[in-house]
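Trainee: To start, I am sharing the structure in question, which I have written as structure tokens.
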Amino acid sequence: MASGRREIHGLAAVAMLAVAALIVAFALAGADRASAGTMCEDADATETEATEKELQKALVCLIAEERKARDKHRLDPNGKLNDVAAKHNRRMVEENCWKHRCAGEPGLSRRLKRSGYLDGAERWSYGQNFGCGATPQAVMNAWMNNEFTRRNIRDGGFRDIGADAIKDQVGHSACDDGDEVTYTVLFARRKG
């Protein structure tokens, strides 16, 4: 009997070592781990493997998957929010400004008003995430590991989304190391 227990214990130890090896492998993969569990096309694409629009679409898809998994309202794509996100994204890269508001740029509320998104609204709320990474999945992983950006993604009050992806020029952006893409995503809701 004792040898049988040892044999089972030995097999359990081998299984535990195999699981530990897998955990270490995933930990070493870090933010760039494969996104085999996603249905989002181009989630693991780099700037050389997809267009800016495809990378933008992949990140929006990843956000939609996260919200769906949490039973949050589906976000509707909004062209005016896309435009606001694109202008800010371009400005961040061109001016090497890694902020929610660059020098000389109006605050986000004013940018949303100027876009027409808030026309007729009595109340509104909004959030903005920005970041850069080698793949949309890498950016999403980083955002999910940050309380502020994760809260925007999971906020059940938001109804609309606008996003932009821009391929950086080497040395042009504070975040660029030659193979990263900068993303800005706006989450918003208007009432009234």
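Trainee: Can you give the accessible area of Arg101, probe radius 1.4 Å, in Å² rounded to 10?
Mentor: 140 Å²
Trainee: Starting from segment 32-95, pick out the GluC sites (Glu not before Pro) whose DSSP state is loop and whose Cβ has at most 13 other Cβ atoms within 10 Å.
Mentor: Glu41, Glu49
Trainee: With every protein chain in place, what's the accessible area of Asp76 (1.4 Å probe, Å², nearest 10)?
Mentor: 60 Å²
Trainee: A follow-up question, please. As a test of reading the structure, rank Arg189, Arg90 by solvent-accessible area (1.4 Å probe, protein chains only), most first.
Mentor: Arg90, Arg189
Trainee: If you don't mind, another one. Keeping all protein chains in the complex and leaving out DNA, RNA and ligands, what accessible area do you get for Phe148 with a 1.4 Å probe, in Å² to the nearest 10?
Mentor: It works out to around 100 Å².
The values are calculated or read from the model by the stated rules, or taken from the named source; none is laboratory data. Fair warning: this is a prediction, and the values are worked out from it, not measured in the lab. FYI the Cβ positions are ideal-geometry reconstructions off the backbone, even for glycines, and counts take in every protein chain you see. Quick note on the areas: whole protein, heavy atoms, side chains included, nothing else; ligands and nucleic acids left out. Shrake-Rupley method; radii C 1.70, N 1.55, O 1.52, S 1.80 Å.
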